[in-house]
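The values are calculated or read from the model by the stated rules, or taken from the named source; none is laboratory data. Predicted, not measured: the structure shown is a model, and the values here were computed from it. Note that each Cβ is placed from the backbone with ideal geometry, even for glycine, and that neighbours are counted across all protein chains shown. Side chains included, ligands, DNA and RNA excluded: accessible areas come from the protein's heavy atoms. Shrake-Rupley method; radii C 1.70, N 1.55, O 1.52, S 1.80 Å.
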Amino acid sequence: MADHDPHPFNCPDCAAAPGQLHEEGCDHAHCPDTGRQRAVCEHAGACASRWSGEFVGAAECREWDWWLIEDPELGLIPCPAGTKDAIEDFNRLLTHARWDAVLQRYVRTDLTTT
């Protein structure tokens, strides 16, 4: 993947190191029950989550080869893995996968069974 670096990094909002809890009010913290951004989570559970070292869902996008690139004329468009300047396609993740609270990751919903 051309310009992508999947190595762990500190949270860009609260600076939590990989494995540490996000600070209260962090924009990148997610709810472990719903997978949603903690700032917009409306359920009554405790939403403490640890920073994994990358954005929630990024690993799944890479696993499933879901990438996009910004085209000056067309906007954000899907592209193949390895395309220069490609980033993980979180839009596709949110439409073709669901959060699994037990697994603490997204699982695909667009798979067909035979």
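Numbers at a glance
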{"read-out": "Point-charge dipole on Cβ atoms (K/R +1, D/E -1) for the chain, about Cα centre, debye to 20", "value": "440"}
{"read-out": "Accessible carbon and sulfur surface of the chain relative to its total accessible area, %, 1.4 Å", "value": "52"}
{"read-out": "Relative contact order computed over segment 23-114 (Cα-Cα under 8 Å; 6+ residues apart), in percent", "value": "23"}
{"read-out": "Counted charge near Ser49, where neighbours are those whose Cβ lies closer than 14 Å (Asp, Glu -1; Lys, Arg +1)", "value": "-2"}
{"read-out": "For q = 0.15, 0.18, 0.19, 0.24 Å⁻¹, Debye-computed log10 I/I(0) when each Cα of the chain counts as one equal scatterer", "value": "-0.73, -1.00, -1.08, -1.34"}
{"read-out": "Positive-end residue, the chain charge dipole about Cα centroid, Cβ charges, pick of Ala101, Asn10, Pro72", "value": "Ala101"}
{"read-out": "Gyration tensor verdict on segment 26-90 (Cα atoms; rounded if a/c is under 1.5, prolate if a/b is larger than b/c, oblate otherwise)", "value": "prolate"}
